[in-house]
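The values are calculated or read from the model by the stated rules, or taken from the named source; none is laboratory data. Because the structure is predicted, anything quoted here is derived from the model rather than measured. Note that we place each Cβ from the backbone using ideal geometry, even for glycine, and neighbour counts take in every protein chain shown. Side chains included, ligands, DNA and RNA excluded: accessible areas come from the protein's heavy atoms. Shrake-Rupley method; radii C 1.70, N 1.55, O 1.52, S 1.80 Å.
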Amino acid sequence: MAAAASARWLRVRCRLSLPLTGRWIGACEPAPRCRFCSGSAALPKVEGTDVTGIEEVVIPKRKTWDKVAVLQALASTVNRDVTAAPYAFLDDPYLTPTSSVESRSFLLAKKSGENAAKFIINSHPKYFQKDIAEPHIPCLMPECFEPQLEDVSEAALKERIKLKKVKASVDMFDQLLQAGTTVSLETTNSLLDLLCYYGDQEPSAYYNFQQTEKSEELEEATEENTVKSKKRAGQQFGVIWRAKNNAERIFALMPEKNAHSYCTMIRGMVKHRAPVEALNMYAELLNNRLHADVYTFNSLIEATAAMNEKFDEKWNNILELLNQMVAQKVTPNLQTFNTILKCLRRFYAFGKSPALQTLREMKAIGIEPSLATYHYIIQLFYQNENVSKGSSLVIYDIMNEIVGKKFSPQDPDDDMFFQSAMKVCSSLRDLELAYQVHGLLNTGDNRKFIGPDHRRNFYYSKFFSLLCLMEQIDVTLKWYKDLIPSVFFPHSQALIDLLQALDVANRLDMIPQIWRDSKECGHAFRSELKEEMLMLMARDRQPAELQEAFADCAADIKSTFESQDARQTAPHWPASALNCIAVLFLRAGRTQDAWKMLGLFRKHNKIPRSELLNEFMDSAKASNSPAQAIEIVQLAGAFSLPVCESLTKRVMADFALSQEQKEALGYLTAYDSDGDSSSDSDSDSRGGK
Amino acid sequence: MAAASLPAWLCLQPGARALRAFSTAVSPTTLPGKAGPRTTERTSRLERPSRRKALPPRTEKMAVDQDWPSVYPVAAPFKPSAVPLPVRMGYPVKMGVPMAKEGNLELLKIPNFLHLTPVAIKKHCEALKDFCTEWPAALDSDEKCEKHFPIEIDTADYVSAGPSIRNPKARVVTLRVKLSSLNLDDHAKKKLIKLVGERYCKTTDVLTIKTDRCPLKRQNYDYAMYLLTVLYHESWKTEDWEKNITEADMQEYIWTNSSSEKNILETLLQIKAAEKNLEVTKEELLGTKEIEDYKKCVVSLKNEGDSEYTLSQYKESVKRLLNLT
């Protein structure tokens, strides 16, 4: 949409009038006094050139701002829309995702489309040369992935290194060496960088390997595998540093090596899990009287922690490394301390006091801790889930310190803080702390640290469960409207928690609303959820209109069961669901539907409860139809229920029966009394009563 | 897309989170709703995976006191599921009503200003106050603004969605100035008006110069200022050939040295000569009241055109002049 905005620039008056003071003579040649260029800062004041000469017009200095400041200011006036799906999706009732699986697949589809477009552009660059973007947007132009230079030269080698072609650059290097040309130290170092970063694999293969490692990390983050995954850290996944790979070979071939060469080799070895070789390389570095840089030291700390030694030995080794760092006059950075804390996590209880020491040291040097630091500390102190008297209060200190702070991304693990913090809040059952954590999430730009989808879901699931448990129902419902489903799709367990909270607070009238929402979230086929709802609705008698609403809801749930039936070969209706639906229909006065339910009992071979049969009997009496009463007794008899006898007696007593009906009844009781003895013995096995 | 079949496939591949290259894209194991003709086994109508159902529109969930600028923060097309108003638009069929908002193309085509409700504008203004400086206290009326800043420059900036931020219409600069604020005498003003031609508006006394011949706005602004300067200086200069101005070119009728003056003087002299009154000279005649009156009537007739009043004035003055009353 094009919008035109016209700007009115006021121009300072040209000195054209004959002045009273007579300072300027010759009115025919006035020079325009003040040029108003668009970039000028201050305009000079209009001096007393006005005819009146009394007032002075003071033009204030123009403010300048960067390119996005206005947009950011306008963006600060809007908040999140609580009914909308995230903006990445199309805002249409048909196209909005209804579950977390769907939302992930939609986003993947979108990204896949982008990748496809990029692929087409890059494989046919000659069709995409026209550039209408002004100013130029480089990332929309086709990229060239093939090396242009074909000759055997150092420039060609540099090009291949820049294009990240591992094998091609190693081949080129070998060719250069065979031809006898010396490759400069800088180029060799950059080749070593490439090899050590990718572990001597092509980048695409490298990332495929890394996926398996990432999936393990994900499991670590979920609720179940917190302790087990730490033990599994020693297993080998991902790219491993092979002995005598190209990097080592080229390193050996280098006539001269500087500190950078050693450092990059060390970092590559540590990254690909070869700590012993890394420490040996470090010893070589020291032998050659070279100095390592801070990144190398960070890797060495990791390597030390990965060795198979006892905890206190490892800690002493780390301390020694830090001393050497000081001796070599290398200042530690945030990554140093974060690496130390990450390694201390694996030390279990031993790591607690060193962690606090590290934190103090960090503050003494003046390095501001990042969210990852706090995450490691939380993980260290709250490793086991039991909240007994031994649990520490460090989370409160942490929150007191960081509340209201705005963080910027400094460490790859920064996005794990909120998840672990909320997990601790949930295990401590502390709602105030959870509110503090959530408030921190909403300060400034901190919401970017919530992490990928599964972490965000975990965080909000824990938060919402805690709310259902501890908070008043009105506030909980407000949060419910706010968060679901625009922020996260709840598990069925979260909805069951909510239902229980409603039960406690006696707000069962919200159940039909919850059912509608859970259909939107994709829980229409979760039987535990439906059973819980039905059970809550059917438990007590409700006022009339609420009963109507409940009956509608029950009919809806019934239809979902039926559609589920249609799709699967083996129908399964839980017995309790059948019972509850029938009760609800009866209470709302929908006797037709209720009688149909009786038929379903027989069809699915599920056993009705005795209270249900009594209620049916009441309704039959109310409608005064003995045929229905007999049908109930027949049903009870078909299942050989013990209650059949009492029912028969009741029928005899309350109803006026015709002769055939009495006979049929008598037949039933006779039949039943034979089976009575056997039914008594296994009356316990008849569930659902 | 059948929601139930998706989870099974995606759960099997935990690594599917990473972005894959195009050649190994998300494999199409799930078929769209109409699975019937594609699957090998015969699925009956009932067993087909059910069509994806649309959710109820989110207007049902909106609170009455919600924050509307958050729903429509920027200019966006009309979304019937997000606007809780029962809007209708379109030409109705006979005995019908205009079409409802769902699927209504007419509502999509027109620009909507749902993002600029008065509440939103107020909030925007509040946020933009920080970027503004104070208005100078001395400029508290329009006249003072005109007095201190007589020249007004109009420029336009254009914003549109697209890859390019350039718009050739943005180079146009319009300069407006009232001639009363320029220091012009009579001749200069007439000359200036002649020079600019149509750019001067007589009723408002405003000279408008619109420039777009340069590619940049800054250049056009400089050019407009240059034009103003040149016009001003040129109109003050008097060229030699300006003396040769004919009556047809003059802006307004000047009686002195005109043919009307010559004619009336000749006529009066002839009359006087016929009356044997030769002593009167031209200057004496010119000084008489009747001649003055006659001059005024002729000037007004010529300048203002024919009207009852001017014609009757002329008649009276001629009669007085020729002593016919």
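Is it fair to say B:GLY96 is within 17 Å of A:ASP91 (Cα to Cα), surrounded by fewer than 12 Cβ atoms within 10 Å (Cβ to Cβ) and more than 10 Å from chain A (Cβ to nearest Cβ)? Answer is no for this residue.
Against the conditions (1) in the same structural domain as A:GLU545 (by the TED database); (2) in a helix (DSSP H, G or I); (3) crowded, with 20+ Cβ neighbours inside 10 Å, A:SER559 satisfies every one except (3).
When region A:86-106 is filtered for residues that are outside any loop (DSSP other than H, G, I, E, B) and within 10 Å of another protein chain (Cβ to nearest Cβ), the ones remaining, listed by number, are A:SER100, A:VAL101, A:GLU102, A:ARG104, A:SER105, A:PHE106.
So that you can scan it fast, the table gives a plain yes or no per residue for (1) within 14 Å of chain A (Cβ to nearest Cβ); (2) among the aliphatic types (A, V, I, L, M); (3) closer than 30 Å to B:ARG213 by Cβ:
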| position | (1), (2), (3) |
| --- | --- |
| B:VAL230 | yes, yes, yes |
| B:SER235 | yes, no, yes |
| B:TRP241 | no, no, yes |
| B:THR246 | no, no, no |
| B:GLU252 | no, no, no |
| B:THR256 | no, no, no |
| B:SER260 | no, no, no |
| B:ASN263 | no, no, no |
| B:GLN270 | no, no, no |
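One residue stands out among those in region B:106-126 that are facing chain A (nearest Cβ under 9 Å) and assigned to a helix (DSSP H, G or I): the one that is least open to solvent (accessible area, probe 1.4 Å), which is B:ALA120. The residue list A:ALA283, A:ALA327, A:ALA306, A:ALA292 contains one member that is under 18 Å from A:TYR197 (Cα atoms) and either surrounded by fewer than 21 Cβ atoms within 10 Å (Cβ to Cβ) or not polar (S, T, N, Q) (or both), which is A:ALA292.
Checked against (1) under 23 Å from A:SER563 (Cα atoms); (2) of a type outside the set (S, T, N, Q); (3) part of a helix (DSSP H, G or I), A:PHE525 passes all but a single condition, namely (3). Of all residues in region B:144-165, those satisfying the criterion of being outside any helix (DSSP H, G or I), surrounded by 14 or more Cβ atoms within 10 Å (Cβ to Cβ) and of a type outside the set (D, E, K, R) are B:PHE149, B:PRO150, B:ILE151, B:ILE153, B:THR155, B:ALA156, B:TYR158. Across region B:242-264, the number of residues qualifying as under 40 Å from the mean Cα position of the chain (by Cα) and part of a helix (DSSP H, G or I) comes to 4. Taking region A:152-167 as the range and being under 15 Å from A:LEU192 (Cβ atoms) and open to solvent by less than 30 Å² (accessible area, probe 1.4 Å) as the test, the residues that pass are A:LEU157, A:ARG160, A:ILE161, A:VAL166. The set of residues in region B:127-143 being at the interface with another protein chain (Cβ under 8 Å from one of its Cβ atoms) and in a helix (DSSP H, G or I) consists of B:ALA127, B:LEU128, B:ASP130, B:PHE131. Taking the numbered list (1) open to solvent by 40 Å² or more (accessible area, probe 1.4 Å); (2) modelled with pLDDT of 80 or more; (3) not polar (S, T, N, Q) in turn, A:LEU578 passes all entries but (1). From the list B:TYR226, B:TYR309, the lone residue that is in the same structural domain as B:GLY197 (by the TED database) and either of a type in the set (Phe, Trp, Tyr) or in contact with an Asp or Glu (Cβ under 7 Å, 6 or more places away or on another chain) (or both) is B:TYR226. Within region A:625-650, the set of residues being open to solvent by 30 Å² or more (accessible area, probe 1.4 Å) and free of Cβ contacts under 8 Å to residues at least 24 places away in the same chain comprises A:SER646, A:LYS649. Among the residues of region A:426-479, those that are open to solvent by less than 40 Å² (accessible area, probe 1.4 Å), closer than 21 Å to A:GLU102 by Cα and not hydrophobic (A, V, I, L, M, F, W, C) comprise A:GLY451, A:ARG455, A:ASN457, A:TYR459, A:TYR460, A:SER461. Filter region B:60-92 down to residues that are in a loop (DSSP other than H, G, I, E, B), among the charged types (D, E, K, R) and facing another protein chain (nearest Cβ under 10 Å) and give me whichever is farthest from A:THR83 (Cα to Cα). Per the stated criteria, the residue is B:LYS79.
I'd like the full set of residues that are more than 20 Å from B:LEU268 (Cβ to Cβ) and among the aromatic types (Phe, Trp, Tyr), limited to region B:301-322. Result: B:TYR309, single match. Look at B:LEU195 and say whether it is aliphatic (A, V, I, L, M) and at the interface with chain A (Cβ under 10 Å from one of its Cβ atoms). Here the answer is no, as B:LEU195 does not meet what is asked.
Do you know which residues across region B:162-187 are at the interface with another protein chain (Cβ under 7 Å from one of its Cβ atoms) and of a type in the set (A, V, I, L, M, F, W, C)?
B:ILE165, B:LEU182
Would you call B:ILE153 within 12 Å of chain A (Cβ to nearest Cβ), at pLDDT 95 or above and out of contact with any His (no Cβ under 9 Å at 6 or more places or on another chain)? Criteria met by B:ILE153.
Acidic (Asp, Glu), free of Cβ contacts under 8 Å to residues at least 12 places away in the same chain and part of a helix (DSSP H, G or I), is that true of A:GLU361? Taking the combined requirement at face value, the residue does not satisfy it. Modelled with pLDDT under 80 and surrounded by 11 or more Cβ atoms within 10 Å (Cβ to Cβ): which single residue out of B:LYS295, B:LYS276, B:LYS315, B:LYS272 fits that description? Among B:LYS295, B:LYS276, B:LYS315, B:LYS272, only B:LYS272 is modelled with pLDDT under 80 and surrounded by 11 or more Cβ atoms within 10 Å (Cβ to Cβ). Considered as a group, the residues in region A:488-530 that are more than 20 Å from A:GLU471 (Cα to Cα) and more than 14 Å from chain B (Cβ to nearest Cβ) include one that is most open to solvent (accessible area, probe 1.4 Å), and that residue is A:GLU528. Of all the residues in region B:52-81, those that are in contact (Cβ under 8 Å) with a residue 12 or more places away in the chain and not hydrophobic (A, V, I, L, M, F, W, C) number 10. Among the candidates A:LEU586, A:LEU534, single out the residue that is crowded, with 19+ Cβ neighbours inside 10 Å and under 27 Å from A:LYS662 (Cβ atoms). Result of the check over A:LEU586, A:LEU534: A:LEU586. With respect to A:GLN236, is the statement that it is crowded, with 16+ Cβ neighbours inside 10 Å and modelled with pLDDT under 85 true? Spelling it out, it is not the case that A:GLN236 is crowded, with 16+ Cβ neighbours inside 10 Å and modelled with pLDDT under 85. Would you mention how many residues in region B:166-193 are loosely packed, with under 13 Cβ neighbours inside 10 Å and of a type in the set (Gly, Ala, Ser)? The total comes to 1.
How about region A:79-110: which of its residues are open to solvent by less than 70 Å² (accessible area, probe 1.4 Å), among the charged types (D, E, K, R) and within 20 Å of the chain's Cα centre (by Cα)?
Listed by number, the residues that qualify are A:ASP81, A:GLU102, A:ARG104.
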